[in-house]
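Derivation of every value follows stated rules applied to the coordinates shown; laboratory data play no part. The shown structure was predicted, so the numbers you read here are calculated from the model rather than taken from an experiment. Neighbour counts are summed over all protein chains in view; Cβ atoms, including those assigned to glycine, are modelled from backbone coordinates with ideal geometry.
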Amino acid sequence: MSYFMTHLHSGWHVDQAILVEEDRVVCIRFGHDHDPECMAMDEALYGVSEKVSNFAILYLVDVTEVPDFTKMYELYDQCTLMFFYRNKHIMIDLGTGNNNKINWAVTDKQELIDIIETVYRGASKGRGLVVAPKDYSTRHKY
């Protein structure tokens, strides 16, 4: 599914995507296009892209091709989803302790729409940290 979505092929393109968009949330999936977890996330992102097009725009970045942001955003996971609004990084409290990004594949389309909509509503009100509609702290039970 990643072939149908917009890829950003350089650090400059990533910066421009974040800078230029004024009215919508910029969602960027950082990861590897060949990774199964990223493929599952890409499929979900592609499935919701039309439904969230009024308030969000989705991009994919292969960190092998564009390693510029690896240290800055601590992109050490297989698949990472980050949100930006009006050139500002929007943090999301998922209950996991890491408020900067989602670092697992969200494959449920409705769940993904809810997260993106929550980020948009909070960011448009000027909040830099939004609370996710679901608590993910018990996602990994041991």
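Using a simple spin-label model with points 7 Å from Cα along the Cα→Cβ vector, what separation in nm is obtained for ASP108 and LYS134?
Once both label points are built, they end up 0.2 nm from each other.
Per 0.36 nm of contour for each residue apart, how much would the distance between PHE4 and GLU37 grow if the chain were fully extended, relative to their Cα-Cα spacing?
10.2 nm
Classify segment 2-131 as rounded, prolate or oblate, taking a ≥ b ≥ c as the square roots of the eigenvalues of its Cα gyration tensor: rounded when a/c is under 1.5, otherwise prolate if a/b is larger than b/c and oblate if not.
On the way: a/c = 1.27, a/b = 1.18, b/c = 1.07.
Taking the square roots of the gyration eigenvalues as a ≥ b ≥ c, segment 2-131 is rounded.
If each DSSP helix of 4+ residues adds -39,500 (n - 2.57) and the sum is divided by the residues in the chain, what number results at 222 nm, nearest 500 deg cm²/dmol?
Helix contribution divided over all residues of the chain: -9000 deg cm²/dmol.
Once label points are set 7 Å from the Cα along Cα→Cβ at both ASN98 and ARG127, what is their separation, rounded to one decimal in nm?
Distance between label points: 2.2 nm.
Under the 0.36 nm per residue contour assumption, what length would be gained going from the current alpha-carbon distance of ARG86 and TYR73 to full extension?
2.9 nm
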